[in-house]
Amino acid sequence: MTACPFRAKVLSIRQLTRAIREMTLEMLEPSELSFQPGQSIAVTVPDQSSSSSLLRYYSLASPPHSSNQLVLLLNSHDRGQGSTFLLENEIGADLQISGPHGSFMLQQDQERELLFVGTGTGIAPLWSMIATLLAVPSSQPITLLWGLRSESDRYYLQELETWKTHHENFSYVLTLSQPSSAWKGNTGRVTDLLQAFSTVDHLAAYVCGNRTMVKEVTDLLHEKGDCAVFRERYHENS
Ligand SMILES: Cc1cc2nc3c(=O)[nH]c(=O)nc-3n(C[C@H](O)[C@H](O)[C@H](O)COP(=O)(O)OP(=O)(O)OC[C@H]3O[C@@H](n4cnc5c(N)ncnc54)[C@H](O)[C@@H]3O)c2cc1C
Ligand SMILES: NC(=O)c1ccc[n+]([C@@H]2O[C@H](COP(=O)([O-])OP(=O)(O)OC[C@H]3O[C@@H](n4cnc5c(N)ncnc54)[C@H](OP(=O)(O)O)[C@@H]3O)[C@@H](O)[C@H]2O)c1
């Protein structure tokens, strides 16, 4: 699929946590973007130090069936030129965007159970993939493991519970690496959750987020057995 330039406007903004902002873009030209769940768009960012521009990539968290509206998850902690520019844009602002980019996509494999492993905003492409899968009735088991730091970093909790209630084949485990002493849920990193898997030969895993996590999870799954692991191509040499 070739990437093409297009225009979009900021349709809505939701502050999900202190650091995470959900930004919904409405496609203007063309009026829809055709993409695969897991792919990203590039946002053109004016370069403060020259008259040229920079590109910053953001995974699409929304599923392709709502292709007129694109949901991004932005981490305001980054505070580089891309995040600063995007976070300053208000509702109605016009953005120049290209896409779709990337080959991190769902593979056709009805035989394996699906395991999604993410940290932080690495949930974005996984969210699009899971929403796409759950839109079609299926009994293929889908498990999401999501690592966040503390209670105040959690979001999309209601959406996760709705998915779990309505889809018998979907389950999720949230783990916090630095919770408060009052936290009663899982504590530790997503890598710790993988210890519970005695065999992985029946799994296809999709991994996204912190770079070191992606490498550690990939290595761990391969050590445990014949797990198919999918991740962004830029991780392939690590
Ligand atoms: C395929 C892909 C998908 C992605 N999807 C997402 C996504 O869904 N959500 C998301 O939030 N990000 C995503 N990213 C990351 C995103 O593209 C940017 O790299 C991120 O927003 C940081 O860009 P930036 O321009 O703000 O920071 P950069 O300028 O690239 O700087 C990188 C880091 O350097 C430090 N830094 C830079 N300038 C300063 C400064 N002036 N002061 C202090 N520290 C500084 C910051 O720690 C910053 O995080 C994705 C990246 C890729 C490749
Ligand atoms: N398509 C893509 O490639 C894509 C899409 C979206 C986002 N991203 C990237 O995803 C990253 C999200 O940030 P983040 O995950 O670092 O978020 P974060 O909010 O900084 O951290 C989230 C959790 O990751 C844990 N973590 C850190 N290192 C780990 C490791 N080696 N193994 C297991 N868990 C680990 C942290 O644990 P501690 O508290 O112990 O540190 C924390 O609980 C960003 O770098 C963003 O650019 C990529």
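Here, each number is a calculation from the coordinates, and none is a lab measurement. Source: prediction; values computed, not measured. Reconstructed Cβ throughout: ideal geometry from the backbone, glycine too, with neighbour counts over all protein chains shown.
Data for the structure
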quantity	calculated
Helical contribution to [θ] at 222 nm, DSSP H n ≥ 4, -39,500 (n - 2.57), averaged over the chain, rounded to 500	-6000 deg cm²/dmol
Part-to-part distance (alpha-carbon centres) for the range 12-46 and the range 90-105, which is given in Å	5 Å
Alpha carbon Rg of the range 113-235, scaled by the compact-globule rule 2.2 N^0.38 Å	1.02
Taking the range 58-160 and dividing mean pair separation by its residue count, relative contact order in percent (alpha carbons under 8 Å, at least six apart)	33 percent
Burial order of peptide ranges 77-86, 29-38 (average beta-carbon count within 10 Å, highest first)	29-38, 77-86
Sparse-neighbourhood loop sites, chymotrypsin sites (Phe, Trp or Tyr not before Pro) in the range 153-226 - DSSP loop, at most 14 other Cβ within 10 angstrom	Trp183
Stretchable slack from Leu87 to Thr44, in nm (0.36 nm times residue separation minus alpha-carbon distance)	14.1 nm
For the range 4-101: relative contact order, % (alpha-carbon pairs under 8 angstrom, 6 or more apart)	39 percent
Mean separation of Cα contacts under 8 Å, 6 or more apart, over the residue count of the range 88-238: relative contact order %	27 percent
Cα pair count fraction exceeding 16 Å, expressed as % - the range 56-108	52 percent
Cβ-defined net charge surrounding Gln15, 15 Å radius [Lys, Arg +1; Asp, Glu -1]	0
Helical segments meeting 15 Å axial Cα length and Kyte-Doolittle 1.6 threshold in the chain (DSSP H)	123-134
Amide H partners (placed H, <5 Å) of Phe116, local residues excluded	Thr143, Leu144, Leu145, Tyr206
GluC sites (Glu not before Pro) within the range 133-187, DSSP loop, no more than 15 other Cβ atoms inside 10 Å	Glu168
Cα-derived Rg to Rh of the range 1-139, Kirkwood definition	0.98
Range of Cα positions in the chain per principal axis (Å), largest first	54, 42, 38
Residue-wise HN-Hα coupling along the range 139-150, computed from phi with Karplus coefficients 6.51, -1.76, 1.60 (Hz; x: Gly, Pro)	10, 5, x, 10, 10, 10, 10, 10, x, 10, 8, 9
Mean Cβ count within 10 Å, highest first, over the residues of peptides 104-111, 54-61	54-61, 104-111
Charge tally in the Cβ shell below 15 Å around Glu151, where Lys, Arg are +1 and Asp, Glu are -1, Glu151 excluded	+3
